[in-house]
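Structure record follows, encoded as structure tokens.
The values are calculated or read from the model by the stated rules, or taken from the named source; none is laboratory data. The model shown is predicted, which means the values in this text are computed figures rather than measured ones. Cβ atoms come from the backbone with ideal geometry, glycine included; neighbour counts cover every protein chain shown.
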Amino acid sequence: MAETTRDSNLSLAATRRGGPAIRRLVLLRVQVPLKKPIKHASHERSSSENLVVRVDLDDGSVGYGEGVPRAYVTGETIETTFQALAKCEWPRAIGRPGSFADVVSTLERLTLPEIDDDPRGMRGNAARCALELAVLDAYGRSFGASLGEAVDLSTAEGLERNSRPLSVRYSAAITAESRRKERISAIKFRIYGFRDVKAKVGVAGQDDERRMEGLRRILGRRMDLRLDANEAWRSDELLAKVAPLLRFRPSLLEQPLAHAEVDALAELRPRLGVSVMLDESLCGWPDGVAAIERRTTDFFNVRLSKCGGLLPSLRLIGLARRHGLGVQLGCHPGETAILSAAGRHVASRVGGVRYLEGSYDRHILAANVTADDLTFGYGGRARPIAGPGSGVLVDAGLLAAMTTETLEIDHV
């Protein structure tokens, strides 16, 4: 196969350069406990089952990456991610790179067969994300480079890069809870100086109009309010569902239809009276191209795990910006500090990102895998992360306490 030949050539060239090689991959099934259940129209969960990958280099460097497989997003499960990575040939293809730039250049070319064989280019994205971040973390520590430098080295077209890492501001999120809890959250977010908030809508049995009326009253007129439907509505009811909510001046409506009906947005979007953002319908490069060609969206919601990792996510951000679309850098509820750190590196280095979600660590997680606290501060503010690799240190003991299954794969 052409792919096999390409990988062999990459491996031969990398071996000649003589840097450290990947000695072992360790795949970990991690059960991350949440402080409270997270509910939206598609799912409700009280814990998050994540994939953590550890990469050991033969110079002693160790790196960690994370993916959040969701069957209802990319079709992945922990089992499928283990299967994909157990047969992955990346260590051979990466070989012995002579610099961090060599690593990034090689990773930009590498994918998984599960992604290549899927028309939407997504069935393997969480697995790819975890492995890619682990490789970048390990080689970043070996070469003294940060994940943020991978942003600078990326060849993604249309990407706007900041001249230096900048501080960022995260969004707040109001999940579909009781009215009392929602209002308490809204009060907190206003008091703590957030400038934008996302609220879940479309959950069965809830009166969205009444909820939004109460939330807007508390949040005030100046707060940027986004709505996230998580595929809750049908195309034949969408206009009627959205019309009563327009008086609350939402800035965006996220994923109002299931992916099976997403093409209907080409006709409905101009009539909605609010900009549309795709999430579950934006999981891979083919999704992004289709959304632009069919005019189904105004915004991309790019999440590292569902979009295949840092480098593929940068390509999608660049694609959106080249075509005049807005970008949200999102997250999956239940991400640990590993993905929080990766998202921070991207957010602090990439310009043109309108909304930012993530780093909810202390607010959502009952336990984490690192002693480093990446939780945002007042008003959602957070500083760039310094240091080699991800810039955070995974605590082996904390990780082991949440690990329910381990698979070691030696590459010697």
Look at SER340 and say whether it is modelled with pLDDT of 95 or more and part of a helix (DSSP H, G or I).
yes
Can you name every residue in segment 44-65 that is surrounded by 20 or more Cβ atoms within 10 Å (Cβ to Cβ) and closer than 30 Å to ALA204 by Cα?
SER48, ASN50
Go through (1) part of a loop (DSSP other than H, G, I, E, B); (2) within 17 Å of VAL151 (Cβ to Cβ); (3) in contact (Cβ under 8 Å) with a residue 40 or more places away in the chain; (4) of a type in the set (A, V, I, L, M) for ALA367 and report which single condition fails.
(2)
Pairs please, first residue from segment 293-316 and at positive phi, second anywhere and of a type in the set (Val, Ile, Thr) and surrounded by fewer than 24 Cβ atoms within 10 Å (Cβ to Cβ), Cβ atoms under 7 Å, 6+ apart in sequence or on different chains.
GLY308/ILE115
Hey, ILE184 free of Cβ contacts under 8 Å to residues at least 24 places away in the same chain and in the same structural domain as LEU272 (by TED's automatic domain parsing) or not
yes
So THR336, is it polar (S, T, N, Q) and within 26 Å of ALA186 (Cα to Cα):
yes
Regarding ALA156, is this residue hydrophobic (A, V, I, L, M, F, W, C) and not in a helix (DSSP H, G or I)?
yes
Could you list, in sequence order, all residues of segment 391-412 that are in contact with a Lys or Arg (Cβ under 9 Å, 6 or more places away or on another chain) and either surrounded by 18 or more Cβ atoms within 10 Å (Cβ to Cβ) or not hydrophobic (A, V, I, L, M, F, W, C) (or both)?
GLY391, VAL394, LEU399, THR403, THR404, GLU405, THR406, GLU408, ASP410, HIS411
Does LEU131 fit the bill of being part of a helix (DSSP H, G or I) and closer than 30 Å to GLY377 by Cα?
yes
List every residue pair whose Cβ atoms lie under 6 Å apart, where the two residues are 6 or more positions apart in sequence or sit on different chains, the first residue falls within segment 79-93 and is over 10 Å from GLU114 (Cβ atoms), and the second residue, located anywhere, is β-branched (Val, Ile, Thr).
PRO91/ILE22
Segment 115-140, subset charged (D, E, K, R) and crowded, with 24+ Cβ neighbours inside 10 Å, residue farthest from ILE338 (Cα to Cα):
ARG128
